[in-house]
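Working notes, structure below.
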Amino acid sequence: MKQIHLIAPSGASLDIRTPFLGIEWLNQQGLEVLNTACVSRVEQRFAGTDAERLTDLNQLANVSPKTVVVAMRGGYGLHRLLPDIEWDAIASAINNGLQICGHSDFTVFQLGMLAKTGAITLAGPMLNFDFASQGEQGANLAPNEFMWNHFQTAIKQRKVDCNVKAPQSFYKKSTAGKASGMLWGGNLTVLTGLLGTPYLPSNQQTQGGILFLEDVNEHPYRIERMLMQLLDAGVLSNQSAILLGGFSAYRLYDNDRGYALESAIDAIRKRLPDNIPVLTGLPFGHQVEKLTLPVGAQAHVQYDATGFTIHSEW
């Protein structure tokens with residue numbers, strides 16, 4: 001990995017300093033950062049006009065396969081671009097070696113790419129939050145070591161291998177288990193918003209899959225409602241395992257009266273067959289400790305009441 005090619009297909013940067021701190025840190029690691037002009041674009045809440053952001057994506061078909069593509073940030077904006085993305089041309093570049101990474105709103109692109117072409121993309125770090133963030137006094141914080149190590153392993157070795165030690169509150173069996181299938185998923189809100197569209201992988205594509213989910217700023221009742229929608233649409237019961245990452249930055253209220261995220265997950269667990277494990281604590285989401293996960297690759301999970309391991313090579 002010698003070059004990072006930036007794209008900004010969603011929201012504009014919330015401040016001008018952060019993306020350049022991220023670029024500076026990547027430069028310090030010996031990486032050349034390309035297409036840096038995209039981080040300064042602003043059109044309303046978006047990182048440029050629809051045409052500019054679409055060009056960011058469609059030009060990936062011509063980017064060197066030795067280059068790693070990283071999204072600047074999430075937010076919102078990719079839904080607008082879906083009908084005009086040149087899926088096959090970008091997939092051809094991916095199949096020739098190009099690696100494309102992001103999360104949050106970038107889930108739209110990843111699931112669309114998987115649905116349309118089957119090409120593998122990476123759910124992982126982005127420029128603004130992961131490679132540059134600021135403390136309370138505005139000081140630049142070093143990127144998380146766990147995130148950086150797993151990102152490099154994914155890019156250089158095309159592998160993820162992680163042992164998650166976390167008590168599994170929703171694991172109802174006394175014996176260990178294992179599951180294998182296509183790893184897919186991402187942001188829960190974004191994924192749910194693709195139901196009924198040609199940009200969500202079909203039940204046939206995802207049958208027996210390993211679904212991973214995360215979200216931010218969503219109250220547990222909204223998380224439950226979206227999970228119920230996926231359940232009633234046949235998505236959850238189609239999986240061999242469901243991995244839940246970070247669900248962060250929400251606020252509980254007095255009228256919740258003890259209702260919390262655990263209550264929401266338990267309501268879903270009760271409606272799922274016992275042979276589909278719901279595993280929590282996946283290091284992924286809007287958090288500093290983050291895996292880089294291959295969306296569309298075969299993966300293997302082994303689990304028991306004390307935690308689980310996840311492994312994939314692609």
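The values are calculated or read from the model by the stated rules, or taken from the named source; none is laboratory data. Please read all numbers here as calculations on a predicted model, not as lab measurements. Note that we place each Cβ from the backbone using ideal geometry, even for glycine, and neighbour counts take in every protein chain shown. Note: accessible area is taken over every heavy atom of the protein model, side chains too, but ligands, DNA and RNA are not part of it. Shrake-Rupley method; radii C 1.70, N 1.55, O 1.52, S 1.80 Å.
Look through THR189, THR175, THR107 and report the one residue that is open to solvent by less than 10 Å² (accessible area, probe 1.4 Å) and touching a residue at least 12 places away in the same chain (Cβ under 8 Å). Step through it out loud before you land on a result.
Numbers: THR189 fails: open to solvent by less than 10 Å² (accessible area, probe 1.4 Å); THR175 fails: open to solvent by less than 10 Å² (accessible area, probe 1.4 Å).
Criteria check complete, one pass: THR107.
List the strands (runs of 3 or more DSSP E) inside region 269-314, counting only whole elements, that have at least 1 residues being under 13 Å from GLY181 (Cα atoms). Talk me through it step by step, then tell me what you get.
On the way: elements: 278-280, 293-295, 298-304, 307-313.
Counting at least 1 such residues, we get 293-295, 298-304, 307-313.
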Seminar exercise, completed: Per the list (1) polar (S, T, N, Q); (2) crowded, with 20+ Cβ neighbours inside 10 Å; (3) assigned to a loop (DSSP other than H, G, I, E, B), residue check on THR18 breaks on (3)
For this session: Mind counting the residues in region 39-65 that are under 22 Å from the mean Cα position of the chain (by Cα), buried (at least 16 other Cβ atoms within 10 Å of the Cβ) and over 21 Å from THR121 (Cα atoms)?
Result: 3
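Do you know which residues across region 222-249 are hydroxyl-bearing (Ser, Thr, Tyr) and buried (at least 17 other Cβ atoms within 10 Å of the Cβ)?
In the first step, residues of region 222-249 are kept if they are hydroxyl-bearing (Ser, Thr, Tyr); the result is 237, 240, 248.
Hit for region 222-249 is SER240, nothing else.
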Exercise. Which residues, counting only those in region 55-83, are in contact (Cβ under 8 Å) with a residue 40 or more places away in the chain and out of contact with any strand residue (DSSP E or B) (no Cβ under 8 Å at 6 or more places or on another chain)?
Worked result: LEU78, HIS79, LEU81, LEU82
Exercise. Exactly one of (1) part of a strand (DSSP E or B); (2) closer than 26 Å to PRO201 by Cβ; (3) of a type outside the set (Ser, Thr, Tyr) is unmet by ILE155. Its number?
Worked result: (1)
For this session: Return a yes/no flag: does region 131-139 have any residue that is assigned to a helix (DSSP H, G or I) and open to solvent by 10 Å² or more (accessible area, probe 1.4 Å).
Result: no
Exercise. How many residues, within region 257-314, are closer than 30 Å to PRO143 by Cα, polar (S, T, N, Q) and open to solvent by 20 Å² or more (accessible area, probe 1.4 Å)?
Worked result: 6
Seminar exercise, completed: Expected output for region 291-314 (first residue farther than 8 Å from VAL160 by Cβ, partner at pLDDT below 95 and among the aliphatic types (A, V, I, L, M), Cβ below 9 Å, 6+ apart or cross-chain) is GLN302/ALA176; TYR303/ALA176; ASP304/ALA176; ALA305/ALA176
Exercise. So which pairs qualify, if the first residue must be in region 31-46 and within 23 Å of TRP148 (Cα to Cα), the second must be modelled with pLDDT under 95 and exposed (fewer than 14 other Cβ atoms within 10 Å of the Cβ), the Cβ gap must be under 7 Å, and the two must be at least 6 apart or on different chains?
Worked result: LEU31/LYS2; GLU32/LYS2
Problem set entry | In region 142-159, residue surrounded by the most Cβ atoms within 10 Å (Cβ to Cβ) [restricted to those that are in contact with a helix residue (DSSP H, G or I) (Cβ under 9 Å, 6 or more places away or on another chain) and more than 13 Å from GLN99 (Cβ to Cβ)] | MET147
